[in-house]
1. Examine region 435-444 for a residue that is over 26 Å from the mean Cα position of the chain (by Cα), modelled with pLDDT under 95 and surrounded by fewer than 20 Cβ atoms within 10 Å (Cβ to Cβ), and state whether such a residue exists.
2. Do the conditions hold for GLY266, that is, is it under 16 Å from SER476 (Cβ atoms), out of contact with any Cys (no Cβ under 7 Å at 6 or more places or on another chain) and touching a residue at least 60 places away in the same chain (Cβ under 8 Å)?
3. Checking the conditions here, which among ASP188, ASP216, ASP151 is surrounded by fewer than 23 Cβ atoms within 10 Å (Cβ to Cβ) and assigned to a loop (DSSP other than H, G, I, E, B)?
4. Quick one: is PRO307 free of Cβ contacts under 8 Å to residues at least 24 places away in the same chain and within 28 Å of the chain's Cα centre (by Cα)?
5. Going through GLU353, GLU306, GLU372, GLU331 one at a time, which residue ends up being over 25 Å from LEU457 (Cα atoms) and in the same structural domain as ASP512 (by TED's automatic domain parsing)?
6. Pairs only if they're at least six apart or on different chains, beta carbon under 6 angstrom, first in region 157-169 and touching a residue at least 60 places away in the same chain (Cβ under 8 Å), second part of a helix (DSSP H, G or I) and not hydrophobic (A, V, I, L, M, F, W, C); list them, first residue then second.
7. Among the residues of region 413-426, is any assigned to a strand (DSSP E or B) and either free of Cβ contacts under 8 Å to residues at least 24 places away in the same chain or farther than 30 Å from ARG271 by Cα (or both)?
8. For residues that are touching a residue at least 24 places away in the same chain (Cβ under 8 Å) and basic (Lys, Arg), scanning just region 191-213, find the one that is surrounded by the most Cβ atoms within 10 Å (Cβ to Cβ).
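The values are calculated or read from the model by the stated rules, or taken from the named source; none is laboratory data. The shown structure was predicted, so the numbers you read here are calculated from the model rather than taken from an experiment. A quick note on method: Cβ atoms are made from the backbone with ideal geometry, for glycine too, and the neighbour counts reach across all protein chains shown.
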Amino acid sequence: MPIAKVMLYCPNPACQTPNPEDHQFCQKCQTLLPHRYLWALGGVSCQPGELLVDRYLCKRERIFLDTHPGLLSSNFAEVPERFLPYLRLAPLRPHVPQVYDWIASASAAPLILLEQAPLYVTGPASSSKTTADPVASTRSGDVRLFPALLDAWPQASPLRQLNWLWQLANLWHPLSSEQVAASLFEPDLLRVEGGLVRLLELQFDADRRDPPTLVDLGQLWSGWVATASPKIRGFLQHLCQGLINKQIRNAELLTHYLDAALAQVGQTQTRQIQIATLTDQGPTRQRNEDACYPASGTVQRFESAEPVLLIVCDGIGGHQGGDVASHLAIESLEQHVKALPLPHLDPTTLTVELEKAIAVANDQISQRNDQEQRYDRQRMGTTLVMGLARGHELYIMHVGDSRAYWITRRGCHQITLDDDVASREVRLGYSFYRQALQQPSAGSLVQALGMGGSSSLYPTVQRLIPDEDCVFLLCSDGLSDNDRVEEVWESELLPILDGSVDLATASRRLVDIGNQRNGYDNVTVGLIHYRIPAQQPSPPTLSELPPLQLPSTLQPTLTLGAPASPAATDTAQTRLATAPADPIKPRVVRPQPAKAGILPLLLGIGVLLGMGGLLLALLLPSSIDRRATSPIPQLEPEIGASPPTTSTPAPLAEALAVGTVVQLTQSPLDGNSQPLRLLPAPAGATPEGAPSPAIESLGVIPQGTLLGILKRQEDSQRQLWLNVRVCSTPAGDSPEARPTPAEADVAAPALPVNPQRPALVQPGDNGWIAEATLLPRITVRPDLSVEQISECVQSVPLPTIEGPVPSPTPPP
């Protein structure tokens, strides 16, 4: 219905006074008035000034204002299936907007309202005191879109142009997994907020005639070459050529080329980094369970080449020894990170090392719990948020609900996603965030350091490339609760960028705000201030693709907000559903094999056990049958559950990710009853897990075969299947087929002559195997050299870009 005057209701439950839209604080209680402007999807049409469901005010076409920002959604229905990708891509914020609410309509498609869309407001109606962009209208309270990437492209620096391309490349896998990669091809949807790429909304692949491919991406980017910086124009030409010619066949390789270019251009960037830390017990706590590194009260300045480490830990509330856990974590992480050869590690290897450092810290706390016989609520634990600045990169790691925020002159963004129940509900597609907040356990943690073994811990590691003045705030929930950071960032943190407030003063003010406006917890803050001059030295000219030195262990590096590994409570099916659709560069998994010297003893024991098992089967068949059919309960771990006294390694099943290379060491040709066959397509399985013999196979896989995993898929019976490529077989003249010295000392058993012996697979064959069938037969030989591993990895060859460079098409 049309209304005469816009009134914004105070979010304070004890106040709820209506206020004019251009007020920043409630005129009665001085509570901040959040101005939440939302982007609308769907078929409901309305005119500016019209109010929907007595709450959402239409400001202009497709832009609404929530006039009751203190109220949660009253919609408890499930989000329409078409819009579930928004929920499952929640870790990618602020790249991807999130569902704020939705309104059903009997006559049209539902109206979906998105928050964190690339919108900004000028004038007093904005919660910001600054004009977000020079293209903004000067009219009071005007709501605008951030500029399109193509509009800002010609004026951007070489580093920023590469940064934008790098973010788009990193978005390819997660968007493809949700079948929304078409979003990267719509110029109007690609918006930029300084150096940050933001999507206005998602475009579904099904709406296009053909699903998008990397070839299409190369053709799109080739239209940007003409207006690219001359410093990177040649590089971009060759990069587009590699995509179009299918020599760059996956997004991971594309990302590595962009990383190499960023490293060359970033070397010339001058920057100054200053950090500050401060922690306080708070007005109501008996002790401070928070901790930080460097020590509280530190203010330090670093030049461009120096690595910078900052850590904030929050001991788990209600658990004994939270202060011990937080200090243990910081001590362990500091030692591990300082021992790393940071200048010599590629981004992927450094990401893996940081995950290892977090796992080591977790296990030290967990072992301390076990030694002191702490169980259930007595176990100590801690959350973690950590920043590591190295050159032009900033790595942000977190576990739990301690947060990191990114503040620029344009806005403030939360760049970590809490490991709590509400966020898990969103990631799994069960409900949107403001709906999930209404659960009684919404804020309960699903993981923290020290509560169990590292095999069940999934830290998030993300990488950013700051290219302008900015501040990163790392803090415990003593400050971030109740949206305090969103409330005060412009008054307390924005002045840092203007030089009117120093870091020490800002830290003290933030701690005071946490104590005064929250007041029920310890408060810890860490600030990282980047000063990057607008005038930079001229970078080198990149006229071709830089040489790559790929790491031995490869995995996609996720962009801002994207976790490096799944949440602790995600199921295997959920991880499979979000796996990349394209194959990535293979990696080799090396589990520790059994020593050959005890093989005869093991064989003898196996024979005795087999005879004993046969005797038991004859005497007690009914008892065995009953045990075989008894269901095994599946337990879901929770915070506070007593972990095992020893940490167990991650199961091999979790290592069989896309891009993994494994070797078969047990084969049906060597005595197993069921042949391991390579199938042309996923098929049903027998109760024993073996493929049905009626299915025509591509051949039997012999011992010693190296297999590269290209894809994972679940069939209608929820059985997991692996799409694999045969890298090499013992029949071929490959180094992988040669026995190790230990194997040569053990005589192979004589095989009976079998004229009906099935055909064997050949190198290059591509087919499918049930994961359950493959897992028991995998052990990787540790004697393979890097060159031998490379031979298998090169089954997906690194491109050497050759041939003429295509003429770039003019930009639209």
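1. First, the residues of region 435-444 that are over 26 Å from the mean Cα position of the chain (by Cα): 440.
The next check asks that each one be modelled with pLDDT under 95; those that pass are 440.
Those left that are additionally surrounded by fewer than 20 Cβ atoms within 10 Å (Cβ to Cβ): 440.
Yes: one or more hits.
2. Values: under 16 Å from SER476 (Cβ atoms): no; out of contact with any Cys (no Cβ under 7 Å at 6 or more places or on another chain): yes; touching a residue at least 60 places away in the same chain (Cβ under 8 Å): yes.
In short, no.
3. Numbers: ASP216 fails: assigned to a loop (DSSP other than H, G, I, E, B); ASP151 fails: assigned to a loop (DSSP other than H, G, I, E, B).
Going through ASP188, ASP216, ASP151 in turn, the sole match is ASP188.
4. Values: free of Cβ contacts under 8 Å to residues at least 24 places away in the same chain: no; within 28 Å of the chain's Cα centre (by Cα): yes.
It is false that PRO307 is free of Cβ contacts under 8 Å to residues at least 24 places away in the same chain and within 28 Å of the chain's Cα centre (by Cα).
5. Working: GLU353 fails: over 25 Å from LEU457 (Cα atoms); GLU372 fails: over 25 Å from LEU457 (Cα atoms); GLU331 fails: over 25 Å from LEU457 (Cα atoms).
Residue meeting the stated conditions: GLU306.
6. As it stands, the answer is ALA169/THR255, since those pairs meet every condition given.
7. There is at least one residue in region 413-426 that is assigned to a strand (DSSP E or B) and either free of Cβ contacts under 8 Å to residues at least 24 places away in the same chain or farther than 30 Å from ARG271 by Cα (or both).
8. The first filter runs over region 191-213 and keeps only residues touching a residue at least 24 places away in the same chain (Cβ under 8 Å), leaving 191-202, 204-208, 211-212.
Checking which are basic (Lys, Arg) leaves us with 191, 198, 208.
On the way: ARG191: 21, ARG198: 24, ARG208: 13.
Only one residue fits best here, namely ARG198.
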